[in-house]
Amino acid sequence: GGTAVPPGQEAVVIERSLPHGHVAAVLGTLRAIGLDRSLGPAGNRCRDLAIAMIVARLTDTGSKLSTARTLDPATAPSSLGAELGLGSVSEADLYTALDWLLERQPVVETALAKRHLQDGTLVLYDVSSSYVEGRPLARRGYSRDGKKGTLQIVYGLLCAPDGCPVAVEVFGGNTGDPKTLADQIGKLKERFGLTRVVLVGDRGMITNARIADELRPAGLDWITALRAPAVRALRDEGAVQMSLFDDRDMAAVTSPDFPGERLVLCRTPLLAEERRRKREALLQATERELEKVAKAVGRARSPLRGAAEIGLRVGAVLNRFKMAKHVTTEISDTGFAFHRNTEAIAEEASLDGFYAVRTSLAAETLDDRATVRAYKSLSRVERAFRRLKGLDLQVRPIHRWLEDRVRAHVFLCMLADYVEWHMRQRLAPMLYQDADPAAADAARASIVAPAARSPAAQSKVTTGGSDVATPVHSFPSLLADLATITRNTAYTTLAPKHRFSLTTRPTPIQRQAFDLLAIPADCTQ
């Protein structure tokens, strides 16, 4: 008959509320796929800090200083630090853990390779680059970020056939793509213990020199593509009749220039049209700029004079648009004229849409269709680079002044991508990504044709719904949705000194996400 809570007072007081669901999802997946065990035995603080940095890369990307604040109990914007029981964390602690992680890189990569690679499998390899604000390993070179004049690093990524990242290597920013191949061959043969591997790389990576000097001596097979001049030589020497492609889009040919290899020549009409359109656009842009030079030469006041001066202006235009082979110019001290080289344009257009895949594998081992599919699977490595550089992981900007710290940072981002890749695979029914690759492949008219979405994926894109949950999410938006599950520190007015945790209940969509991730229900309780 008494009064438990006086009028006007709250029965339960929430003292603090921290976003928790996204942490539970990422950390639970990391543990479910065994990455924590690959990093090292439990009870090691550096291991726990490394796990925290991997999870934070997905849930709250930032600098090491901001990550330290994320993990500190007093300033934490999520439950990550409390979930791992890290206590007070400083920036120096994270750098110590980063150095420890780099020392573990060979062991961790070997463990990942044992799970995802085996003898006889395809291995996808490609390189990318990122600009660096510090100085170690940073060199001037070709910038894939479009940041001309900046110092950068180059990093090569090894992936399993399904696109799962397995290993990463960092090189100086002026390292050419082919020069990175030797280290990967050594890694596959010596560290991973693989004797029979098919390395898949693009035409700029696996060159004739690399095949002769590195791949053949190592006993590895390869799948790559020919450069445009080599495709033109095939046609000119009569190795392939272009009339074959009147009723087909793929044909296997051989050439004495490529002994012991099989060439699969492909033609894509859509690619041909895109190249024609791009060439015409560049030609028109070139003509507009050259017309300005012609007007400068012909104007009445202060005309442009001198063959050298006119040639410099013309050369700058031709170099800018890379159209020198398609434009014929006539330059004198007092005159300038130009016109299209129709013969050169027609010669190039005759091979629009054609490309040739080359491989050392016999047709009995991998048929033409499977060979082309294997080469096109390099797009999975490109997707990995987009995740690393995009909003998901933000490998850039790199503010490091020690070479090993740069390497450790890139390796940390690769491990975060490894976790994200597994999450995306499991959450595919809830995401815009295609959850039925077999149906997508069946929807494709030909392996040479552009990739197609499965009917289910097309429905998700057009309607914004799915069979599992509505609405369909992107990966970042789903993590943001899960973050609304909060872990609350509370107390009652009857026992104000006793604190307890209270987690909000997941919505049906959130519950579905945890079910797909195969994370036990108590991870969010």
Inset, instruction - Can you give me the three principal axis dimensions of the chain from its C-alpha atoms, in Å, biggest first? - result: 107, 69, 48
Legend entry - Inverse of mean 1/r across different Cα pairs in the stretch 174-225, Kirkwood, Å: 11.0 Å
Inset, instruction - Let me know the longest stretch in the chain that avoids all trypsin sites (Lys or Arg not before Pro) found in a DSSP loop with at most 10 other C-beta atoms within 10 Å. - result: 323-525
Legend entry - Charge dipole magnitude, Cβ of K and R +1, D and E -1 - the chain, Cα centre, debye nearest 20: 1140 debye
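May I ask for the Rg/Rh ratio of the stretch 250-289, computed from Cα atoms with Rh as the Kirkwood radius, given to two decimals?
We get a ratio of 1.30 for the stretch 250-289.
Taking the Cβ of Ser90 as the centre, find all other residues whose Cβ is under 15 Å away and add up their charges (Lys, Arg: +1; Asp, Glu: -1).
Neighbourhood net charge equals -2.
Over 20 Å between Cα atoms, which of Lys187/Lys376; Lys114/Lys187; Lys322/Lys376 qualify?
On the way: Lys187/Lys376 24 Å; Lys114/Lys187 13 Å; Lys322/Lys376 27 Å.
The pairs that break the limit, which is 20 Å between Cα atoms, are Lys187/Lys376; Lys322/Lys376.
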Legend entry - Net charge of Cβ neighbours under 12 Å - reference Ser350; Lys, Arg +1; Asp, Glu -1: 0
Inset, instruction - Mind checking which of Val55, Val472, Val327 is farthest towards the positive end of the chain's charge dipole, using Cβ charges of +1 (Lys, Arg) and -1 (Asp, Glu) about the Cα centre? - result: Val327
Legend entry - Sequence-separation-based contact order of the chain, relative, with Cα cut under 8 Å and 6+ spacing, percent: 21 percent
Legend entry - Debye log10 I(q)/I(0) for the stretch 146-291, one point scatterer per Cα, at q = 0.10, 0.12, 0.18, 0.20 Å⁻¹: -0.53, -0.74, -1.18, -1.24
Inset, instruction - Specify whether the C-alpha gyration tensor of the stretch 290-418 places it in the rounded, prolate or oblate class, a ≥ b ≥ c being the square roots of the eigenvalues: rounded for a/c under 1.5, otherwise prolate if a/b is larger than b/c and oblate if not. - result: oblate
Inset, instruction - Report the one residue of Ile14, Gln105, Leu516 whose Cα lies farthest in the direction of the positive end of the charge dipole of the chain (charges on C-beta: Lys and Arg +1, Asp and Glu -1; origin at the Cα centre). - result: Ile14
Inset, instruction - Can you tell me the dipole magnitude for the stretch 165-278 around its Cα centre, using point charges on the Cβ only (Lys, Arg +1; Asp, Glu -1), in Debye to the nearest 20? - result: 180 debye
Inset, instruction - Distance between Cα centroids, the stretch 58-83 to the stretch 303-336: provide it in whole Å. - result: 58 Å
Inset, instruction - Have a look at Leu234, Val419, Val406 and report the one farthest towards the positive end of the charge dipole of the chain, computed about the Cα centre with Cβ charges (Lys/Arg +1, Asp/Glu -1). - result: Val406
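Taken together, the values in this text are just the output of simple stated rules run on the coordinates, not laboratory data. These figures come from a predicted structure and were not determined experimentally. We place every Cβ from the backbone using ideal geometry, glycine too, and count neighbours over all the protein chains shown.
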